[in-house]
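Asks: Dropping a structure here in structure tokens format, bear with me for questions.
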Amino acid sequence: MHRQIKGFRRDAETDWVAELECGHNRHVRHDPPWQERAWVEDREQRESRIGTDLDCVRCERRDSA
Ligand SMILES: [Zn+2]
């Protein structure tokens, strides 16, 4: 389920979290080589992704339940 990104924040472990329009949050960790998200460390690149879509796993689970 694609949801629009409303903003970003850091969680208690300083990992980046995307705040989605549905109210859910999704981690967007930069943790190479498993997860390559160098963009999340850069403020401009983060802001450029606000308004774009991200898959919301929680919404997907709710819909299939
Ligand atoms: Zn959701």
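Read the figures in this text as sums done on the coordinates, not as results from a lab. Everything numeric here is computed off the predicted structure, so don't read it as measured data. In this analysis, Cβ positions are derived from the backbone assuming ideal geometry, glycine residues included, and neighbour counts consider all displayed protein chains.
Asks: Counting other beta carbons within 10 Å of each Cβ, put Cys56, Cys22 in order, fewest first.
Replies: Ascending Cβ contact count within 10 Å gives the list Cys22, Cys56.
Asks: Please order Trp16, Trp34 by the number of other Cβ within 10 Å, starting at the fewest. Please report the intermediate quantities before stating the final value.
Replies: Numbers: Trp16 18, Trp34 7.
Fewest-to-most Cβ neighbours within 10 Å comes out as Trp34, Trp16.
Asks: What Cys residues in the chain are without a partner cysteine, judged by a Cβ distance under 4.7 Å?
Replies: Cys with no partner Cβ under 4.7 Å: Cys22.
Asks: Could you check the spin-label model distance between Glu19 and Arg58? Points 7 Å from the Cα along Cα→Cβ, value in nm.
Replies: It works out to 1.3 nm between the two label points.
Asks: Let me ask something additional. Search the structure for amide H atoms under 5 Å from the amide H of Val28, placed 1.01 Å from N in the peptide plane, and list their residues when 5 or more places away or on another chain.
Replies: Amide H neighbours of Val28, under 5 Å, 5+ apart: Trp16, Val17, Ala18.
Asks: Most fluctuating residue of Arg49, Arg29, Arg37 in a GNM of the chain with Cα springs under 10 Å: which is it?
Replies: Result for the chain, Cα springs under 10 Å: Arg37 fluctuates most.
Asks: Okay, next question. Measure of size requested: the Rg and Dmax of the chain, with Cα atoms as the atom set and Å as the unit; please supply both.
Replies: Radius of gyration, then largest Cα-Cα span, for the chain: 12.0, 37 Å.
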